[in-house]
Every structure is written in C-alpha cells, then in structure tokens.
Amino acid sequence: RGLADTLGDTPETVISVHLLKRGFCHAYVAGEPSRFDGAIVQDHFCPAEPIGFGSDPEALWALLQSVRGWDCMNVTPECATALGEIIEANTGRGVRYYGDIYFMLSKPVSNFKSEAVRQLTLADLELLESAPSEVRGSGFGSTRDLLTDGFVACAIVSGSIVAIAHTYARTGRHADIGVSALEAWRGRGFATAAASIVAGRVQEAGQTPVWSTGEDNFASRRIAQKLGFTQVSQRTYVILRNA
C-alpha cells in the first residue's frame with residue numbers, strides 16, 4: 001500500500017495501484033516505497049509486461065534482474081532509450097520500442113447502443129465464466145469479483161458472449177476500461193456499445209474512465225475517440241527482440 005500511495009492516482013498508474021492494493025502483482029522497489037529510485041510492478045494476469053516507475057534506468061535494470069518471465073518493460077519515454085541500451089549491453093539481445101497511448105474521458109460518454117449488448121450482473125456469472133477466454137475479462141481475481149466490484153457489458157449472440165468491455169482496474173479517481181471481441185464478430189460496433197455502457201457506469205460512480213492501447217492499435221483508438229476520450233499521455237514499451 002505504501003508504494004501505491006507514492007505512485008498516486010493518475011491515468012498512468014491506475015492499473016498498478018489497483019493491482020498493488022488488491023495483491024495481484026509482484027512489486028520490486030529500489031529504496032523506500034515512499035521515496036524510491038525505481039519500482040517495478042508485475043501484473044499476475046500479464047507477467048510478461050511489467051511496468052516500471054522512476055527515471056533512473058540503472059535502478060530499473062538492477063530490479064529487473066529479480067523479475068521472472070518478462071519480455072518487455074513499460075517505462076516513461078524519457079527513460080526508454082537509456083534502459084534499452086543497458087538491456088542490449090547486458091543481454092546481448094536487441095530491443096525495439098513501442099508506444100503505449102493513454103486516453104481519458106473528461107466529458108459525458110457518447111452513447112452507442114446495440115440490441116445485442118447489455119450490462120452483466122451477478123446473475124450472469126455462469127454465462128461469463130463459460131465465455132471464451134478472449135472475452136471473459138480479468139483484473140479482479142475472479143469472475144465473481146469482476147461482476148461485483150467492477151462493471152461489465154457484453155454482446156450476446158445465440159446465448160454466447162462474443163464481445164466484452166469491462167473495468168480492468170479501479171482506483172479512487174479512475175477506472176481503466178478494456179475491450180475485446182472474437183475475431184468473427186469484430187467491426188459490428190459491439191465493443192463500442194459495450195464500452196459506452198461501462199464508461200457511463202464508471203462516470204455514475206464518480207470515477208474518470210481511462211483507456212490505454214498500443215500506438216498502432218487503430219481499432220482500439222477509434223473506439224476511444226468515438227466515445228469521447230482524448231489522449232493525455234504516452235509511455236514506451238522496451239521489448240526484447242525475438243521474445
């Protein structure tokens with residue numbers, strides 16, 4: 001909790017703070033949590049992509065020696081090149097860089113509807129648990145907790161979930177929203193309609209919706225922009241080549 005408090009509650013920290021407070025991550029800190037030289041948060045749900053905080057690339061590299069199963073590192077753009085050079089020098093492997101774009105919704109969400117899309121409740125637990133993994137959601141430890149502590153909306157076709165939007169993380173001020181659709185059901189507006197519902201529920205709860213996606217994930221960026229999100233910042237993935 002000490003590290004979570006130090007990180008603060010921003011669009012860039014909402015996922016890490018959520019994971020820290022719920023115990024769904026490994027945390028590595030150089031120095032004291034209240035005043036660190038570097039810190040790494042490794043998501044239990046996505047261990048290959050730890051996120052680093054702090055501007056000292058040497059401190060982050062030292063911490064990274066204790067992290068298992070990573071193939072990339074998410075850091076500030078100012079730190080990325082120096083960290084990449086350290087990784088290349090110490091591993092003998094090349095790296096590449098990939099932008100991670102952050103969006104925030106500071107006005108009422110644009111309303112999109114679909115007859116196939118609705119919000120899920122705890123009564124839909126079995127339905128969500130039986131969905132393909134790509135559209136089951138995560139971030140809360142269990143499907144039950146996702147439905148009770150977060151918000152979920154899905155497109156349901158012939159009794160099966162084919163697309164989902166859900167809160168992946170929630171803090172006091174923000175909620176990060178993730179979307180996914182089965183490949184055969186993309187391009188039908190399902191994810192947009194589902195995300196519209198979830199973002200609206202987040203705003204009703206007094207939180208600000210946050211959206212993050214890769215720089216070339218234009219489908220995700222289009223959904224965010226249609227809903228009214230605006231870009232607020234960017235971080236950078238330092239990725240091991242051939243990983």
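The values are calculated or read from the model by the stated rules, or taken from the named source; none is laboratory data. For clarity, every value in this text was computed on a predicted model and none was experimentally measured. Virtual Cβ from ideal backbone geometry, glycine too; neighbours counted across all protein chains shown. The protein model used for the area step is the full one, side chains on, heavy atoms only, and it has no ligands, DNA or RNA in it. Shrake-Rupley method; radii C 1.70, N 1.55, O 1.52, S 1.80 Å.
For the stretch 163-178, indicate whether the set of residues that are hydroxyl-bearing (S, T, Y), within 17 Å of S106 (Cβ to Cβ) and not in a helix (DSSP H, G or I) is non-empty. Looking for residues that are hydroxyl-bearing (S, T, Y), within 17 Å of S106 (Cβ to Cβ) and not in a helix (DSSP H, G or I), one finds at least one in the stretch 163-178, hence yes. Among residues of the stretch 118-130 that are more than 23 Å from G200 (Cα to Cα), those with a beta-carbon under 6 Å from a residue that is of a type in the set (S, T, Y) and open to solvent by less than 70 Å² (accessible area, probe 1.4 Å) at least six positions away or on a different chain give the pairs E129/T143. Of the set (1) more than 15 Å from the chain's Cα centre (by Cα); (2) open to solvent by less than 40 Å² (accessible area, probe 1.4 Å), all apply to T213 but (1).
Yes/no per residue for (1) in a loop (DSSP other than H, G, I, E, B); (2) over 19 Å from Y168 (Cβ atoms); (3) open to solvent by 20 Å² or more (accessible area, probe 1.4 Å):
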| position | (1), (2), (3) |
| --- | --- |
| A27 | no, no, yes |
| G31 | no, yes, yes |
| F36 | no, yes, yes |
| E49 | yes, no, yes |
| V67 | yes, yes, no |
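If we scan the stretch 59-82, do we find a residue that is within 22 Å of I239 (Cα to Cα) and acidic (D, E)? Within the stretch 59-82 (the criterion being within 22 Å of I239 (Cα to Cα) and acidic (D, E)), the answer is yes, since at least one residue qualifies.
The residues listed here are L146, L83; of these, the one that is open to solvent by less than 10 Å² (accessible area, probe 1.4 Å), modelled with pLDDT of 95 or more, over 27 Å from G54 (Cβ atoms) and not in a strand (DSSP E or B) is L146. Considering only residues in the stretch 193-210 that are open to solvent by less than 10 Å² (accessible area, probe 1.4 Å) and under 16 Å from N111 (Cα atoms), the one that is nearest to the chain's Cα centre (by Cα) turns out to be P209.
Conditions (1) among the hydrophobic types (A, V, I, L, M, F, W, C); (2) touching a Leu at 6+ places or on another chain (Cβ under 8 Å), marked per residue:
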residue	(1), (2)
G31	no, no
F36	yes, yes
I40	yes, yes
G54	no, yes
P57	no, yes
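Sort out which residues of the stretch 107-143 are under 14 Å from T192 (Cα atoms) and assigned to a loop (DSSP other than H, G, I, E, B), and write them in order of number. Correct list: V109, S110, N111, F112, K113, S114, E115, A116.
Scanning the stretch 1-25 for residues that are among the aliphatic types (A, V, I, L, M) and open to solvent by 20 Å² or more (accessible area, probe 1.4 Å) yields L7, I15, L20.
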